[in-house]
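Participant: Below you'll find the structure I mean.
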Amino acid sequence: YIFVYLLCYFTIKNSGCYDYYLAFCNTNLDTEKRRYITYIYNRLSQLNVSIRNKDIQDQWSKQNTQYIINVLNFINHEPWVTREFTFDKNKTYSPEMISVNIKGTKTRYPKKNAYLDYFDFDYVIENLNNYIVKRS
């Protein structure tokens, strides 16, 4: 998770979207949060070569932004974001939120997520301390 978080963090930072993500974290209004994510989405869609030449309203482009935001949101205690950029504030706060290796429709068997059993919040926070959002 630490590696993936830093990858997402620097994707947001290097794309010029960090101030918008910071503003996202510093508001409690869903309409404002959605506005900031939409800006981030539009910016990332312009920069991402797998999206840039396509219709930016397709599910891949939205899923790309959704994943980045949810990785950041997890340790920053922000709500789960859907592909349509709505918020699920009832989703259980646990490492399963950020697991991409979940049982899906293409397999009958549960996937192995052993790392979730050993997820250490203190270790993650200690190592990401300089990159976790500081709220104003």
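Participant: Among the candidates Arg43, Arg35, single out the residue that is over 18 Å from Leu7 (Cα atoms), modelled with pLDDT of 75 or more, within 16 Å of the chain's Cα centre (by Cα) and surrounded by 13 or more Cβ atoms within 10 Å (Cβ to Cβ).
Facilitator: Working: Arg43 fails: over 18 Å from Leu7 (Cα atoms).
The match here is Arg35.
Participant: Going by what's in this entry, would Asn113 be described as open to solvent by less than 90 Å² (accessible area, probe 1.4 Å), modelled with pLDDT of 85 or more and either under 23 Å from Ile12 (Cα atoms) or in contact with a helix residue (DSSP H, G or I) (Cβ under 8 Å, 6 or more places away or on another chain) (or both)?
Facilitator: Values: open to solvent by less than 90 Å² (accessible area, probe 1.4 Å): yes; modelled with pLDDT of 85 or more: no; either under 23 Å from Ile12 (Cα atoms) or in contact with a helix residue (DSSP H, G or I) (Cβ under 8 Å, 6 or more places away or on another chain) (or both): yes.
It is false that Asn113 is open to solvent by less than 90 Å² (accessible area, probe 1.4 Å), modelled with pLDDT of 85 or more and either under 23 Å from Ile12 (Cα atoms) or in contact with a helix residue (DSSP H, G or I) (Cβ under 8 Å, 6 or more places away or on another chain) (or both).
Participant: Then there is this: Give me a count of the residues in the range 63-96 that are under 13 Å from Arg34 (Cβ atoms), of a type outside the set (Ser, Thr, Tyr) and buried (at least 19 other Cβ atoms within 10 Å of the Cβ).
Facilitator: 4
The values are calculated or read from the model by the stated rules, or taken from the named source; none is laboratory data. Since the model is a prediction, treat every value here as computed from it, not as a measurement. Here the Cβ is made from the backbone with ideal geometry for all residues, glycine too, and neighbour counts use every protein chain on show. We work out accessible area using only protein heavy atoms, side chains counted, and drop any ligands, DNA or RNA first. Shrake-Rupley method; radii C 1.70, N 1.55, O 1.52, S 1.80 Å.
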